[in-house]
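What follows is a single structure, written as structure tokens, with notes after it.
The values are calculated or read from the model by the stated rules, or taken from the named source; none is laboratory data. Bear in mind that the values here come from a model prediction, so they are computed numbers and not experimental data. Reconstructed Cβ throughout: ideal geometry from the backbone, glycine too, with neighbour counts over all protein chains shown. Keep in mind that these areas ignore ligands, DNA and RNA; they rest on the heavy atoms of the full protein, side chains included. Shrake-Rupley method; radii C 1.70, N 1.55, O 1.52, S 1.80 Å.
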Amino acid sequence: MEEYRRDKSTLLRTLAYYQFKRDFTTVNDYYWGVGSSLQAVAGRVRHMNSNDDFHAILGLTQAKYKTPLGHSPVKYAAKLTVSQRWHRLLTLVIMTSAFERYLTAVATIAIASDPVLTPGFPKKIDGLTLAKYNLHAGDRPTEQLTKGEWPSRLAVFRRYFGDVPATLQSNQGVLEIMRNKRNQVAHAFGLRSEEHTSELQSRQYL
């Protein structure tokens, strides 16, 4: 039987990472599944004549589709345009939520494992021992890592863990733009800030 070692993980990655991979797969499936469907349908509708029965051509003959989709290909095309924009915006919302869930989970694991947050083993205070005896070593709220503007989030990250990963630090500006856009979608029905929208589009986030 292999001996358990506190300083050696039984997995290649954290459980938070595997959860994030599953979340990201869900986001990926949603983005490409819905996006390709909208693109395919919009492409067909774009080449229809005004008198074409798009309901019949697209197989949308059920009664529930008779009124909501409009009575002409042009009107239906307009609905598809709205849907394409909201598909991108909602993808941004769930993508940022997945990342924030990962950040919270991995930070929670790190703090629980090593409340003092010092590298290497043995630990000054081993979180496993505290958990075993139901003891507490103070509070490091992880909410501050996912709330507010990204500069303040990264400041908390640096205070907790010493260093901010280079990739996270270098993308601070992009993350802040995404946070603002996500808030616009969630709280202002997607009202656009042209400056942020243009920058996101140039970076292919929208």
Counting only protein heavy atoms and rolling a 1.4 Å probe, one gets per residue an accessible area for region 95-156 in Å² of 59 Å²
Positive-end residue of Phe157, Ser72, Tyr30, charge dipole of the chain with Cβ unit charges:
Ser72
Where the accessible area of the chain is counted over protein heavy atoms with a 1.4 Å probe, how much of it, in %, is carbon and sulfur?
56 percent
Given contacts defined as C-alpha pairs under 8 Å and at least six residues apart, what's the relative contact order of region 25-180, whole-number percent?
17 percent
